[in-house]
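Engineer: One structure follows; several queries about it will come next.
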Amino acid sequence: MIPDLLVVGSGPAGAQAAKAAIDAGASVQMLDFGNDDPAGRASVPDAPFSVVRRTDPEQARYLWGARDVWNPYEGNRVAGHLTAPRAFALADADRLLPVASDTFTPVRSLALGGLGAAWGAGTPCFEDHELVAMGLPVEAMAAAYDEVVRDIGVSAAWDDDTAPYVLRSRATQPAAEPDTNARALLAAYARRRDAVRAAGFTLGRAPLALLTQPIRRPGCERDANPYFDMDFYGDARRSIYRPRYTIDELRAHPRFTYTEGVLVHAFASESDRAVVHGTDRRGEPVAFAGRRAILATGALNSARIALRSFGIAGERQPLLSNEMSFLIALNLAMLGRTADDRRHSLAQLLAIYAPDYRGGERVAASIYSYRSLLNVRLATEFPMPTRLGVPTARLLTNALTIAGVHHPERRSARKWVALARADGDLLNAHYELDGDERRANARDAAGIAAVLRRLGCVTLRRIATPHGASIHYAGTLPMRAPGERAPLQTDEAGRIVGAERVHVADSATWRALPAKGLTLTIMANARRVARLAVETLRAEARA
């Protein structure tokens, strides 16, 4: 008997789509390539960073690793936060999910949990006007946000000035404790609040998929974060959400099947079923059938699969990707001060910047303190010879502040992906900003740097990253506007026009891409799409 739903992909979208479908009473088979490295995770000590640095003679194995072997982006500032224990998140992707481009450097994953195996756990919500621009129904998304927050655990601060822009569900846990540097910045913001808010700048604690309280339910045992500052290396207490936790929970369910080692290439939508075609790890062809299929493989790979399924080569599909830059800054209030050892490694604060020239669009900046990613990573970024960069970074560590600035995105004919051959997997991609976009993005970064300076945080350098470095991708199979009916578009339920038994549950369907982190919205939308797919199956059964 075929399952109700085939879910392709185990990342944030796939895991939450499967969970929603199981909760709705459907049967689900998940198809996934499923690279993983439990031994690598287990090698990371369950101890604070400071203890590891003082006592573990094997620390280089997981703190540094053979980076030239596993990080194909080393040296160009893409995926720079990935560490050796997260190497599996990138394994095989360049070979099996190829992208050819001189202008776009995307990150792809074939891991168990997809890019969620290594994400930074930022969980802002989108506002009503942002959801409308994306083509997503506000009321349904509000309910889905609440479901995801309850399921994965999100810590957030409802009394911060940023709350109206990034929070929706009251099911959140208490906010994570800010570290010494973040507390100093918040204190400076409180003193100058009226002035910087008049400039369109608000600051608050970052909402994170990080537990500050345990979660206990059948199949799910997760504890609060221990503030070891090892979050880029291990999964201490399972406190930071990874999609594999949901899949582990589902494996015990009789209506769920996980099938690993499958690379999906194409689908066919038949009268009473969807058929998914792929290859196994040896390259041998495999096929699976379900009453419906849900693509949850990420905006780039879902487009690849759809284009190959329709045999369309050379036709350009739109591409959305948030531009990103880093501000390396020095918090003057922290010079000469000792920082508390107790801290987490993720974004400490989130700034929302809404200057007048953006017309209501938000710019988002995730603000990090710097320690556990090691000073040598920053040595080349200081305006001095590298041999002086390491001791300088060591001297200034407690005051170092990194702001990752994300800019809102707009569609353009200069941003696209296309399948190179109708029977192949190679995607061609192009990404180019026009002059107005470049000027607005530069103005965003300069404006945030100016506000940080008023808070006593002086920017030493702005670092531009390659197009695609944000790892925020969307819009490749966009939701059609009313009255439109064209191939490789989708409807509100995520169904692909011309393949109505195949739904898309990831960000490929979005018509716009706000600057805030997108993963929580991906998960909420995936739940919404999965529920609609199950409702459609029930309607068919009643007919």
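Laboratory data are not the source of any read-out in this text; all were calculated from the coordinates shown. Everything quoted here is computed from the prediction, not taken from an experiment. Neighbour counts are summed over all protein chains in view; Cβ atoms, including those assigned to glycine, are modelled from backbone coordinates with ideal geometry.
Engineer: Compute the signed sum of charges (Lys and Arg +1, Asp and Glu -1) over the other residues within less than 11 Å, Cβ to Cβ, of Leu96. Intermediate results must be reported in sequence, preceding the final value.
Structural biologist: Values: positive: Arg95, Arg108, Arg281, Arg304; negative: Asp92, Asp94, Asp425.
Local charge sum for Leu96: +1.
Engineer: Oh, and also: Taking H placed 1.01 Å from N in the peptide plane, check which residues at least 5 places from Ala176 or on another chain put their amide H under 5 Å from its amide H.
Structural biologist: Close amide H contacts, sequence-distant or interchain: Ala156.
Engineer: For every other residue with a beta carbon closer than 10 angstrom to the beta carbon of Glu492, add +1 if it is Lys or Arg and -1 if Asp or Glu, then tell me the sum. Mind dumping the intermediate values first?
Structural biologist: Details: positive: Arg480, Arg495, Arg528; negative: Asp491.
For residues surrounding Glu492, the net value is +2.
Engineer: Order of 103-111, 208-216 by packing, highest average Cβ count within 10 Å first? Mind dumping the intermediate values first?
Structural biologist: On the way: 103-111: 23.6, 208-216: 20.1.
So the peptides 103-111, 208-216, ranked by packing, come out 103-111, 208-216.
Engineer: If you don't mind, another one. Given charges of +1 on the Cβ of Lys and Arg and -1 on the Cβ of Asp and Glu, with all other atoms neutral, how large is the dipole of the chain about its Cα centre, in debye to the nearest 20?
Structural biologist: Charge dipole of the chain: 960 debye, to the nearest 20.
Engineer: Karplus couplings for the range 347-360 from phi (6.51 cos²θ - 1.76 cosθ + 1.60, θ = phi - 60°), rounded to Hz, Gly and Pro as x?
Structural biologist: 4, 7, 9, 10, 9, 10, 10, 10, x, 4, 5, 7, x, x
Engineer: Using per-residue counts of other Cβ atoms within 10 Å, averaged over each peptide, order 174-181, 455-462 from highest down.
Structural biologist: Going from most to least packed, we get 174-181, 455-462.
Engineer: Skipping prolines and chain starts, which residues have an amide H placed within reach, meaning under 5 Å, of the one on Phe267, given they are 5 or more residues away or on another chain?
Structural biologist: The answer is His277, Ser309.
Engineer: Going by average Cβ neighbours within 10 Å, how do the peptides 349-360, 6-17, 236-247, 124-135 rank, with the highest at the top? Before the final figure, lay out each step's value.
Structural biologist: Numbers: 349-360: 17.6, 6-17: 31.8, 236-247: 23.2, 124-135: 20.2.
Put in order of decreasing packing, that is 6-17, 236-247, 124-135, 349-360.
Engineer: Please give the residues of the range 32-47, grouped as numeric ranges, whose backbone N is less than 16 Å from a label point set 7 Å along the Cα-to-Cβ vector of Asp56.
Structural biologist: The answer is 38-47.
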